[in-house]
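So the structure is just underneath, and the comments pick up after that.
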Amino acid sequence: MRLILLGPPGAGKGTQAANIVTKYNLPHISTGDIFRANIKQGTELGTRAKAYMDKGELVPDSLVVELVEDRLSKDDTQVGFMLDGFPRTIYQAEALDAVLGNMGTSIDHVINIVVDPTVLVERAVGRRICKNCGATYHVSFNPPAEEGVCDKCSGELYQRSDDNEETVSNRISVYTNETAPLVEYYEKSGKIRTIDGLQDIDKVFSDIEKVLK
Ligand code: ADP
Ligand code: ADP
Ligand code: ZN
């Protein structure tokens, strides 16, 4: 199964991606996670990406597309994949279609998580992530049993440096201008399904399961 998760920052893509990849046994490909790993390792790609991420702007298409092409050429994607945070521009979507076309495949489902824009800042600013396993929490909406500690692995939770009000607001406008047009792009292929992301995390997942079964 080849899937794309679409939705603004804070919509719940990462949270649902974690559920989806566990149930369907797919590799989780998050371009944001790949950039953050590169920043942590101090690679050149990480340094270049960080300048854009800190401002809440998109990393240039040229840097992103090559990275995803490279990732999709790995053997583990033979069974399918879950793309989270990619594509984010029409250019990226066209590049993805071209790459998959060359491989003789295509996307099966695009899941569009829709939420009222007023909740996005609160969701992103309250987001906490495990340093060790990457699990996502929210200080109010999905808190861990013990504050600052991961339920799954007891790792330490941290807040992303771009999850502050100013940067999140910019990311939301970038989403509206650059990424929202992808909804129409994928409507043309008839593969996009809208999911109400304002529901509880479990209910959002059960709606996604209905689309995927
Ligand atoms: P995205 O990957 O789309 O930016 P995340 O999955 O990281 O979004 O979710 C953003 C924040 O909102 C996280 O703190 C997460 O715990 C929380 N969250 C995710 N889904 C829901 C939901 N359905 N209801 C309330 N909070 C949610
Ligand atoms: P969120 O789901 O909260 O928006 P991500 O982890 O997906 O966060 O992305 C964090 C940042 O990484 C983005 O604000 C952007 O700077 C960069 N980024 C991630 N994926 C892409 C992409 N496909 N194209 C351009 N920039 C990207
Ligand atoms: Zn953890």
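Every number here is computed from the coordinates shown, using simple stated rules; none is lab data. Everything quoted here is computed from the prediction, not taken from an experiment. FYI the Cβ positions are ideal-geometry reconstructions off the backbone, even for glycines, and counts take in every protein chain you see.
Pull out all pairs, ordered by first then second residue, where Cβ-Cβ is under 8 Å, the residues are six or more apart or on different chains, the first lies in segment 120-147 and is in contact (Cβ under 8 Å) with a residue 60 or more places away in the chain and within 13 Å of ligand 2 (Cβ to nearest atom), and the second is charged (D, E, K, R) and not in a strand (DSSP E or B). Every condition considered, the pairs that remain are 121/165; 124/163; 124/171; 127/160; 127/163; 134/33. Residues of segment 111-151 that are over 23 Å from residue 83 (Cβ atoms) and of a type in the set (Lys, Arg): 128, 131. Kindly provide the set of residues from segment 20-51 that are away from ligand 2 (no atom under 13 Å from the Cβ), in a helix (DSSP H, G or I) and surrounded by 17 or more Cβ atoms within 10 Å (Cβ to Cβ), ordered by number. Matches in segment 20-51: 20, 21. Within segment 80-102, the set of residues being surrounded by 14 or more Cβ atoms within 10 Å (Cβ to Cβ) and among the hydrophobic types (A, V, I, L, M, F, W, C) comprises 81, 82, 83, 86, 90, 93, 95, 96, 99, 100. Across segment 125-154, the qualifying residues are those that are farther than 20 Å from residue 17 by Cα and of a type outside the set (A, V, I, L, M), and the one among them that is nearest to ligand 3 (Cβ to nearest atom) is 154.
Is at least one residue of segment 48-55 more than 16 Å from ligand 1 (Cβ to nearest atom), more than 24 Å from residue 175 (Cα to Cα), over 17 Å from the mean Cα position of the chain (by Cα) and not hydroxyl-bearing (Ser, Thr, Tyr)? Walk me through how you get there before you give the answer.
Initially, segment 48-55 is screened for residues more than 16 Å from ligand 1 (Cβ to nearest atom), giving 48-52, 54-55.
From the residues that got through so far, the ones that are more than 24 Å from residue 175 (Cα to Cα) too are none.
No.
Screening residue 110 on (1) part of a helix (DSSP H, G or I); (2) in contact with a helix residue (DSSP H, G or I) (Cβ under 7 Å, 6 or more places away or on another chain); (3) among the aliphatic types (A, V, I, L, M) shows it passes everything except condition (1). Residues in segment 126-140 that are touching a Gly at 6+ places or on another chain (Cβ under 7 Å) and outside any strand (DSSP E or B): 131, 132, 133, 139, 140. For beta carbons closer than 7 Å, sequence separation of 6+ or different chains, a first residue in segment 197-208 that is in a helix (DSSP H, G or I) and a second that is within 16 Å of ligand 3 (Cβ to nearest atom), the qualifying pairs are 201/15; 201/142; 205/19.
Would you mind finding the one in 77, 105, 118 that is polar (S, T, N, Q), within 16 Å of ligand 1 (Cβ to nearest atom) and either surrounded by 14 or more Cβ atoms within 10 Å (Cβ to Cβ) or assigned to a helix (DSSP H, G or I) (or both)? I'd like the intermediate steps shown before the answer.
On the way: 77 fails: within 16 Å of ligand 1 (Cβ to nearest atom); 105 fails: within 16 Å of ligand 1 (Cβ to nearest atom).
Step by step, each of 77, 105, 118 is checked, and only 118 is polar (S, T, N, Q), within 16 Å of ligand 1 (Cβ to nearest atom) and either surrounded by 14 or more Cβ atoms within 10 Å (Cβ to Cβ) or assigned to a helix (DSSP H, G or I) (or both).
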